[in-house]
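**Student:** First the structure, then my questions, so here it is.
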Amino acid sequence: MEHQGLNLMDQALGFHSNMTQQPWPLCGRFVLVEDCVDTSGAFVLHHILKRSFTSRPSSAVIFLAFAHPINHYDRVLRKLGCNLSSQRDNGRFFFLDMLMLQCPVEGKPKHDGLATVFEKIERAISELHPENKKFVTVVIDDISCLEVAANGSSNDVLDFLHYCYTLTSENGYALVALNHQDIYSDGERPAFMLEIEYLADILVKVDPLATGLAKDVHGQVMVLNKETQKQQGISSIKVQNFHFKIKENNIEYFYPGTRT
Amino acid sequence: MKDQKEVILFWLAASKSFDKKLLATRTGIHRKKKTYLKHPYFCLLGEPEPIPLSQVTTHKRPPLPIPTQSPLLSPSHLLPHSPVTAEHNGSQRRSFPSPACRHRWLLCLVPAPSVSAESACLCFLAVLSSVSASLAVAVVDGASALLAPSLLAGGLPLQPQPVAVFLLLLLQCGMATTRTRVSSFSHNVSSLKSSQHPGLKNGPNGTTFVSSGISDLDKILGGGFSLGSLVMIMEDAEAPHHMLLLRNFMSQGLLHRQPLLYASPSKDPRAFLGTLPSPGSSKDDTSHKPSHEKDLRIAWQYKKYFGEPQLNINTNNGGHHDYCNDLDLRKPLERHFFTSNNVDCVSIQNSPNLDALKDRCAEFLAQFSRNEGSISSAGRIAIQSFCSPQCKYSDMEWHMLSFIRSLKGMARSSNVVVVVTFPPSLLSPSCSKRLQHMADTLLSVRAIPDEDKELAKLLTGYQDMVGLLNVHKVARLNTQVPVILDATTFSIKLQKRRFLVFECLNQAPVDGSGGSSYGNSGVCSTSTKAGPLDF
């Protein structure tokens, strides 16, 4: 809604106060959310989901869930003020339940598994009402479970992400994915993480506070927004740091030290 | 008749000298007066316009004959087993509740006017209201009442003497006042559910808890393990403390008749069932965490943070020992609990891969699939050391990860708690991190070395400790708000070498002469298990 106050996260992601004049900032962009064991970054996904339903009336969401079933998201978003079942009935929310997806190991070529997933996404997009097709967000929760489903072949996962990225960037859709950075920081294949980070246009890193866990501040967020203003050919990188506190029906973002 | 807790006060003031307002103010009951007036049992007789009461007919016996010559009710009608008909000044028929509801009555007979009945009554009622508000009081003006001998419990005849006579008629009763509940789970606890399934408890956001078998752990986790969640316990390769947790978990499930699937890398998993603990006899009453002791140690400005978590502690200690039993590790569980068909044991030592176990789990979980409606039964799965090197598949990391992932996916849609223990030191760091991310609730147990002088100086009660428990993550299903605990490290102690308890770590008094700081990392770096100790 144009009248809603924008919090720090919205500004960092590029949302503007007057939505009518400027297009949706996540069009054609890839948002990567990284988190770790101590602090979960799923709240960013919930925030983006809510924004995509409330900011532009004709935005649809295709959700690939590898971690939680739909009841979980239904309850969480209902508290945030978003009714997923009514969105699904209106044809604007597609939930692809991948909890039990497991790509075959031997025999069949490995590409089968993820290729079918991609086809499902394409089919879901084609089934959308032409009105809803203007802006679509594809959300993947989360990439590490996608890797496990693909039996660890990171090449397949990278290919899949490239395909999704091509699909969304060419059509002006948005791609949002969640990944766990501490899995890769211990050094076996850091290249995987680096490749995905390179692909991403907006990087949201969720970390716990350096001093430990606290009740008032649940962690810190670093948003790296690679803005490319194609007209002028200038690409700038905006970095923003702030803290957050998660509540049941909203998330508070504030600059460090400004929490009263 | 609902088991409500209400105050019932009956005023029967025949004489007009009773100023009920005065009476109410003097005894401090005035603030409840308004609720009183609407109360079905509030009966003010002897007034020109009696206050109409809702009909409370819970009892079908024919009314007793009323002595019509008394302007007042005969007090025999106040007895709970007889209905009351008040015919004074055309008041309506009322009947008192049946013995099923059972009130505690205090019958006070005060003859008017010789003694200042008011003052007598006042002081009597002041005593009453101070003692407890759980007594139903009936004040009858005795001068104008005919007292049937049957009224008196002991059969004492009442003589209307010009002296205040107080008769106590206490009948069996189980009433108490309403108290506003402090527990934050108050709106979630369904007494109906807990009576049907003592092993289940409602949790927030539509989840249900089962007990972990250790009451301290239930308190720490805010109720227990959520049904449908995956609990992972990171073992310490040097000590088998995770077995203590597993034993309590399995035993609690068997005590609640919850079917159990147990998988372990040993050749004969059934033998492990013989070591499961049994509910012990009454635990020692001295609580190891007295709250007043806690208050003394907290600096005043941090008190605001400690107010909140107290609310989350389930108020189970009073009554329901059914939810979580005190398990005595030295007393083995009676065989009839696990010789029945509800325990399934699987050995994973010789299987080349986890597919067989996955099928067994799928079969087990299919019995408990969740549907919209009440939970008929819950189940437990305990997998011990599933990636231990004895197993043939222990180097197939992606295979193990996909097993856990599919297990988690199946468990989410069923009423089962899955507890898996694994030794993280025997896995590659990224695999171990992936498993940690997959867990809904993540705990880790660590051994502490014996006779470590540094730790002995740092912690009180070091001699009793057998290990440390770290709570990394607490399951938050259906919500995005994380659970931030006050402390995440707890010491594992065996009280009387029988009962497993977890205690917050308490720092020993600081030696003023020593120059070393008691910082977290400073002291622990000397021991082999370096890790932050969170006080």
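The values are calculated or read from the model by the stated rules, or taken from the named source; none is laboratory data. These figures come from a predicted structure and were not determined experimentally. Reconstructed Cβ throughout: ideal geometry from the backbone, glycine too, with neighbour counts over all protein chains shown. Accessible surface areas use protein heavy atoms only, side chains included; no ligands, DNA or RNA. Shrake-Rupley method; radii C 1.70, N 1.55, O 1.52, S 1.80 Å.
**Student:** Would you mind giving the total buried accessible surface between chains A and B, with a 1.4 Å probe and ligands, DNA and RNA left out, rounded to the nearest 100 Å²?
**Tutor:** The A and B chains share an interface burying roughly 3200 Å².
**Student:** Find which of A:Ser52, A:Asn179, A:Leu203 sits farthest along the positive direction of the dipole of region A:26-203, computed with +1 on the beta-carbon of Lys and Arg, -1 on that of Asp and Glu, about the Cα centre.
**Tutor:** It is A:Ser52.
**Student:** Could I ask something else about it? Go through region B:482-488 residue by residue and turn each phi into a ³J(HN,Hα) via Karplus (6.51, -1.76, 1.60, θ = phi - 60°); whole Hz please, and just put x for glycine and proline.
**Tutor:** Once rounded to whole Hz, the list reads x, 9, 9, 8, 5, 9, 10.
**Student:** Quote the charge dipole size of region A:116-194 about the Cα centre in Debye, to the nearest 20; the model charges only the Cβ of Lys and Arg (+1) and of Asp and Glu (-1).
**Tutor:** For this selection, approximately 300 debye.
**Student:** How big is the charge dipole of chain A about its Cα centre, in debye rounded to the nearest 20, if each Lys and Arg gets +1 on its Cβ and each Asp and Glu gets -1 on its Cβ?
**Tutor:** That gives a dipole near 920 debye.
**Student:** How much length would be gained if the chain were fully extended between A:Leu6 and A:Lys247, taking 0.36 nm per residue of separation minus their Cα-Cα distance, in nm to one decimal?
**Tutor:** Answer, rounded to one decimal: 85.1 nm.
**Student:** For chain A, what is the relative contact order in percent, using Cα pairs closer than 8 Å and at least 6 residues apart in sequence?
**Tutor:** It rounds to 26 percent for chain A.
**Student:** With the crude spin-label approximation of a point 7 Å out along Cα→Cβ, what separation in nm comes out for B:Ala366 versus A:Glu195?
**Tutor:** Once both label points are built, they end up 3.9 nm from each other.
**Student:** Within the set B:Lys219/B:Lys473; A:Lys79/B:Lys219; A:Lys247/B:Lys473; A:Lys79/A:Lys120, which residue pairs have Cα atoms separated by over 23 Å?
**Tutor:** A:Lys79/B:Lys219; A:Lys79/A:Lys120
**Student:** With θ set to phi - 60°, apply the Karplus curve 6.51 cos²θ - 1.76 cosθ + 1.60 along region B:206-220 and write out the HN-Hα couplings as whole Hz, x wherever there is a Gly or Pro.
**Tutor:** x, 9, 10, 9, 10, 6, 8, x, 10, 5, 5, 5, 4, 5, 5
**Student:** Which percent of the accessible heavy-atom area of chain A goes to carbon and sulfur, probe 1.4 angstrom?
**Tutor:** C and S atoms contribute 50 percent here.
**Student:** Report, as an integer, the average count of C-beta atoms from other chains found within 10 Å of each Cβ along A:241-248.
**Tutor:** The shielding value for this peptide is 2.
**Student:** Shifting gears a bit: When the Debye formula is applied to the Cα atoms of region A:24-169, each taken as the same point scatterer, what base-10 log of I(q)/I(0) results at q = 0.16, 0.20 Å⁻¹?
**Tutor:** -0.89, -1.38
**Student:** At 222 nm, what value in deg cm²/dmol follows for chain A if DSSP H runs of at least 4 each add -39500 (n - 2.57) and the sum is divided by all its residues, to the nearest 500?
**Tutor:** Value at 222 nm, helices only, nearest 500: -10500 deg cm²/dmol.
**Student:** Ok, one more. Please work out how much length the chain gains when fully extended from B:Arg497 to B:Asp359, using 0.36 nm per residue of separation minus the C-alpha to C-alpha distance, in nm with one decimal.
**Tutor:** 45.8 nm
**Student:** Given points 7 Å out from each Cα along the Cα-Cβ axis, report the A:Thr211 to A:Ser235 separation in nanometres with one decimal.
**Tutor:** Calculated label separation equals 3.8 nm.
**Student:** May I ask you to give the solvent-accessible area per residue for chain A, in square angstrom, as obtained with a 1.4 angstrom probe?
**Tutor:** 44 Å²
**Student:** While we're looking at this one, here's another question. So for the pair B:Ser266, A:Ile70, with labels modelled 7 Å out along Cα→Cβ, what separation do we get in nm?
**Tutor:** Spacing of the two 7 Å Cα→Cβ label points: 4.5 nm.
**Student:** Inverting the mean 1/r over all pairs of different Cα atoms, compute the Kirkwood radius of chain A and quote it in Å.
**Tutor:** 19.0 Å
**Student:** Find the centroid of the Cα atoms in region A:86-106 and in region A:33-55, then give the distance between the two in whole Å.
**Tutor:** 18 Å
**Student:** Let me ask you something else. Using Cα pairs closer than 8 Å and at least 6 residues apart in sequence, work out the relative contact order for region B:328-487, in percent.
**Tutor:** 20 percent
**Student:** If you average the C-alpha positions of region A:113-160 and of region B:338-407 separately, how far apart do those two centres end up, in angstrom?
**Tutor:** Each part reduced to its Cα centre gives a spacing of 29 Å.
**Student:** Taking K and R as +1 and D and E as -1, what net charge do the other residues with C-beta under 14 Å from the C-beta of B:Tyr393 add up to?
**Tutor:** -1
**Student:** Which whole number in µm²/s is D for region A:87-225 by Stokes-Einstein, with the Kirkwood Rh taken over Cα pairs at 10 °C and 1.306 mPa s?
**Tutor:** Translational D for this selection: 94 µm²/s.
**Student:** Taking each residue in B:430-436, count the Cβ atoms of any other chain within 10 Å of its Cβ, then average. What number comes out?
**Tutor:** What the average comes to for B:430-436 is 6.
**Student:** What is the mean projected area of the alpha carbon convex hull for region B:371-469, to one decimal in square nanometres?
**Tutor:** Projected over every direction and averaged, the Cα hull of region B:371-469 covers 9.4 nm².
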